[in-house]
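This report refers to the structure that appears directly beneath it.
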């Protein structure tokens with residue numbers, strides 16, 4: 001009795017549950033990094049200085065979906081008004 005003799009539909013349901021579990025675990029891994037992030041701005045700034053680049057990257061990736069940068073304007077090197085964060089939370 002090989003793997004192809006599984007009841008019809010059972011394989012698809014099992015595959016769906018496996019994929020759903022992978023998605024849930026992936027989401028937890030991404031947001032789990034936030035569990036010990038300080039709640040106040042002052043504490044966050046202090047902690048940020050002690051974190052490695054990898055830790056900083058993980059925290060930023062957990063809260064930002066994307067950063068949209070608008071069109072460049074003449075004569076300015078950087079214009080913060082052109083930058084729009086797309087938050088996950």
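The values are calculated or read from the model by the stated rules, or taken from the named source; none is laboratory data. Small disclaimer: the values here were computed from a predicted structure and weren't measured. Cβ: placed from backbone, ideal geometry, glycine included. Neighbour counts: every protein chain shown.
Observations on the structure shown:
- The number of residues in segment 40-69 that are more than 14 Å from the chain's Cα centre (by Cα) and modelled with pLDDT under 90 comes to 0.
- Residues located in segment 73-89, provided they are more than 13 Å from residue 34 (Cβ to Cβ) and surrounded by 10 or more Cβ atoms within 10 Å (Cβ to Cβ): 79, 82, 83, 84, 85
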